[in-house]
Structures are given as structure tokens and as C-alpha cells.
Amino acid sequence: MEPKPDPTVVLYAALGVGHLTPMVELAKLFLRRGVPVVIAVQTAPTSAPALFAATASDSARIAAANPSIAFHHLPPPDYPSPDPSPFLQMLDVLRLTVPLLLAFLRSLPSVAALVLDLFCIDSLDAAAEAGVPAYIYFTSSAGDLAAFLHLPHHFATTEGDFKDMGKALLRFPGVPPIPASDMPHTVQDRATRMCTALIGHYRRISEARGVLVNTYEWLEARAVSALREGVCVPDRPTPPVRCIGPMIVKGAAGGGERHACLSWLDAQPKQSVVFICFGSVGAVSAAELKEIARGLENSSHRFLWVVRTPPVDPAKFFMPRPPPDLDALLPDGFLERTRDRGMVLKMWAPQVEVLRHAATGAFMTHCGWNSVLEAVSAGVPMLCWPQYAEQRLNKVFVVDEMKVGVVLEGYDEELVKAEEVEKKVRLVLEPEDSDKLRERLAMAKEKAAEAMADSGSSQTSFAEFLKDLKLTE
């Protein structure tokens, strides 16, 4: 009689490389513990060709780079009438895929759990019908999770839209006061289909058996405490929340050779360089690029700057763009005048390696959560220039709660001025102004390493999660 196969954990991510990559890192964590895992990957329907156009090629590239991880491609669902909003297209496709995911779950000999990201929340139905425990992997901050969990209650008990409240402060459990204008644009107007869909997603989080969060307890102690005490959801139980981070992707896309910018950093003094990078789809305008350039030049400090071509339509910042024409985008003579103390890269840099380099002294960032964790784990203070999604919320937490960064004023107005760039670069790089910030970052870096050590809080939390699944003793 053949032995029964070990139960498999199925991971399921939304469309887009930004959703798939964190699931790959989580899969590695399961495999290191000897737990079989498979990542279910959605296929965009032919009726929505613009829907995250790079998903198929990114998925193939990621699978090729991780041969130890099993991938299963779900067939595309029938989607005859795509919504004009790509984000709502994604939610529609994921909802229509629930029966296909259910069929896949039932095809496996034994499933220990389904772990899905927030945008796949409708897949809770597939898990329930298959009799499989479902968990959510929340890849942003615990503060974001606390705010999102509270939003359904807030909308049910208050009137008015965030879009009409300006900088009026919102008070949610576990987080500092949040200006209404810093809430994600997707929930600014409660009458929109997008807001209605997301509030429904947030309400359903409580149906999961648990939530894994890519953070560590020391960094977000107040939010984690509020989540565990159940005060973020006043009218229903909150599932157990486990911090398993910081999980950081290393060596994302640069190949085997050491990048030239790292050799350039080798020649710079310790903590002397400001690194500017706005994520993989940063939507900085042409006017803002010129303001950054003038601010950097006037600051007299060293810089390493990743420049991307501005989107033609700011609302379509996620669409592929060609490499930038630096001569056209940057002020006349800028590259020549700053060549002895600056380096400008097109499109990409090895961000984790740059942040961990001794010469890097500050990080101008869009406040995507992966970037925040990478900076904190490297002990690098942040200059916060949030742009979309939950990045403005993260800015509030980075500056007001974690106290590991400063704000570039003007991000929510017409543009950030060169004078502001110069002022904040000087503030963070010049020792007499940044000592307290660096002390805080040194502690955050130490606590991040402790959390991920063998007996650290995050490793222990993941071990408890596996025990809950009855995958370990």
C-alpha cells in the first residue's frame, strides 16, 4: 500500500508580478520547512489583453528562476464584457475564476491550506466548498490591515466621503491619526464600484482562518496589538494575525554580474549617498523629474537616481513604458555638472543591494511596503514621496508611528519643489540633523534581524502557523 502524500499548501496570488513575487518568497519559506507547496497562477482572459500585459512573461520568468517551486496555471475564465478599469478587471477575473480554483483544489490528493492575497478574497468560497482552511497573506503593513479592517465599520456608522474631507484626521484603532486625503484613492468616494468592491473585500477578511502579515512585531507593535485584541473589527471576530516578516526579495532581476552602480558606491564615503527610486512603476511626471534634479544639484550631496519615463496618462502608470531619454527629461547640462558626485540609471537598480551598501545614507521612496521593509532592514532613513495605492497610508506610519523617515511636502499638491528636495536631502544626510533618525533606524535594523533569526518572533510565529495546520508537531 502506497503511503499517503503529504498535504500540499496552495498559494494563490492576484494578477501582476507585484502579487506573484511575494507568494514566491512565501513558498520558499514553506519549502525550507519541508512543506509541499504549489502556486496557482491566474491566466488573463483574451477579452482583456491589456490586463497586466506582462503577467504571462513575468510568470514564466519567475517560474524559470525558481525550479524548486511548482506552478499551476489556471485556465482563463469567460469574461465577455471587461470593465474599463484595469483594477476592476482584475477583481472580476479573480471572482470568475473561483470555480476553476475549486476544481484544482479538488484535483489534489490532500490540501493542507489555501493561502491567498487580499484581492483573491472571493476564493474563500472555493476553500469553503472544498473543505480547506483558508488564510490570507497580507503583503503590506499591519497598520494598513488595521485601517482596512475598520473601514467597513467606519462606512456603516458615518456619512460623507474622504474626497470631501481634505486633511481632516481619521482615527482608527491601532494607528496614528490619518489625514482623509492620505487614504487610498480607491476608497475616497464610497459611491464608486471600486470602493464598494474593496469594502466587501475588507469585510470578508474575518472569514479567513488566519492572516499572515509581512511585518515584524517591534516595528508595528501598536497595530499588531490592536489586531490581536480584535478592536479593529467591532462587530465580528478578528482571525489570528501572525507576523512573519520582514520577508525581502534578494537579487530580483539583475542577473549574475555585480551591477556597475555598486562599484560606483564602493568609491563613495560612508552614508553619503541619497538613493532615489520610486518602485517598478513609479509615476513621477516630467516636471517633477526636473525639480528632483535641481534639488539634488543644489544640495551638493551625492546621489544614485533611477529614472523612468513618465507615463503619458498618469492614471495608467502601471502600463509598460520605454526607457527614458535622459537628455530630454533632465535639465540642460545636469548630467555633466553632477557627474563627479551622482549616477543616473535607466529603469532599474538592484535596490536591496544598494540599500545595504555602506555608502547609502538615505532613500527617497514611494513608500511601497516592500521598499519600506528593505530600507528599515538596512537601517536607511526614508524621504517619503507616496504616489498611489496604500503608499500614503504607509507614509503616515513611517513618519508618525515608526519614526524612520520624513515627508517630502507637496506630494499631494501640484508637485514637490526643488527647494523641498534640497532641504530634506540635507536634513537626512547631514549628521547634526539626522542623529535621532539614525539611532531609531539602527534599532529597527537590529530588531528586524532578530525577528528573522531561528528563534526570532517571526520565525516562531510561522512555526506556530504550521502547527495550526497540523504540519508540524
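The values are calculated or read from the model by the stated rules, or taken from the named source; none is laboratory data. Fair warning: this is a prediction, and the values are worked out from it, not measured in the lab. Ideal geometry is used to build each Cβ from the backbone, glycine not excepted, and the neighbour counts take in all protein chains shown.
The rows are residues; the columns are (1) at pLDDT 90 or above; (2) within 27 Å of LEU88 (Cβ to Cβ); (3) of a type in the set (Val, Ile, Thr); (4) touching a Pro at 6+ places or on another chain (Cβ under 8 Å).
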site	(1), (2), (3), (4)
LYS4	no, no, no, yes
GLY18	no, yes, no, no
PRO22	yes, yes, no, no
LEU29	yes, no, no, no
ARG32	yes, no, no, no
PRO36	yes, no, no, yes
ALA44	no, yes, no, yes
PRO49	no, yes, no, no
ASP58	no, yes, no, no
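The residue that is surrounded by the most Cβ atoms within 10 Å (Cβ to Cβ), among those in the stretch 313-347 that are closer than 19 Å to VAL416 by Cα and aliphatic (A, V, I, L, M), is LEU330. Helices (runs of 4 or more DSSP H) fully within the stretch 77-130 that include at least 3 residues being within 23 Å of the chain's Cα centre (by Cα): 86-96.
I'd like the residue in the stretch 202-219 that is part of a helix (DSSP H, G or I), more than 19 Å from TYR388 (Cα to Cα) and not acidic (Asp, Glu) and, out of all such residues, is nearest to the chain's Cα centre (by Cα). Per the stated criteria, the residue is ILE205. The number of residues in the stretch 348-371 that are in contact (Cβ under 8 Å) with a residue 40 or more places away in the chain and in contact with a strand residue (DSSP E or B) (Cβ under 7 Å, 6 or more places away or on another chain) comes to 13.
Residue check: LYS163 meets all listed conditions (1) assigned to a loop (DSSP other than H, G, I, E, B); (2) without any contact (Cβ under 8 Å) to a residue 40 or more places away in the chain but one, namely (1). Being farther than 24 Å from LEU116 by Cβ, under 21 Å from the mean Cα position of the chain (by Cα) and either buried (at least 19 other Cβ atoms within 10 Å of the Cβ) or assigned by TED's automatic domain parsing to the domain that holds GLU464 (or both) holds for only one residue in ARG242, ARG222, and it is ARG222. Number of residues in the stretch 131-158 that are within 19 Å of VAL396 (Cα to Cα) and not in a helix (DSSP H, G or I) equals 4.
Candidates ALA112, ALA128: the one that is among the aliphatic types (A, V, I, L, M) and surrounded by fewer than 16 Cβ atoms within 10 Å (Cβ to Cβ) is ALA128. In the set SER225, SER280, SER272, SER285, only one residue is farther than 22 Å from VAL376 by Cβ and among the polar types (S, T, N, Q); that residue is SER285.
Of all residues in the stretch 159-176, exactly one satisfies the criterion of being surrounded by 16 or more Cβ atoms within 10 Å (Cβ to Cβ), more than 13 Å from LEU393 (Cα to Cα) and of a type in the set (A, V, I, L, M, F, W, C), namely PHE162. Among the candidates THR215, THR196, the residue that is β-branched (Val, Ile, Thr) and farther than 28 Å from ARG440 by Cβ is uniquely THR196.
Taking every residue in the stretch 125-137 that is farther than 28 Å from GLY245 by Cα and pairing it with any residue that is in a helix (DSSP H, G or I), at least 6 positions away or on another chain, the pairs with Cβ-Cβ distances below 7 Å are GLU129/LEU102; ALA130/LEU102; ALA130/LEU105; ALA130/ARG106. Does PRO324 fit the bill of being touching a Lys or Arg at 6+ places or on another chain (Cβ under 8 Å), farther than 21 Å from LEU408 by Cα, assigned by TED's automatic domain parsing to the domain that holds ARG426 and at pLDDT below 95? Yes, satisfied.
Just one of (1) surrounded by fewer than 16 Cβ atoms within 10 Å (Cβ to Cβ); (2) in contact (Cβ under 8 Å) with a residue 40 or more places away in the chain fails for VAL416. It is (1).
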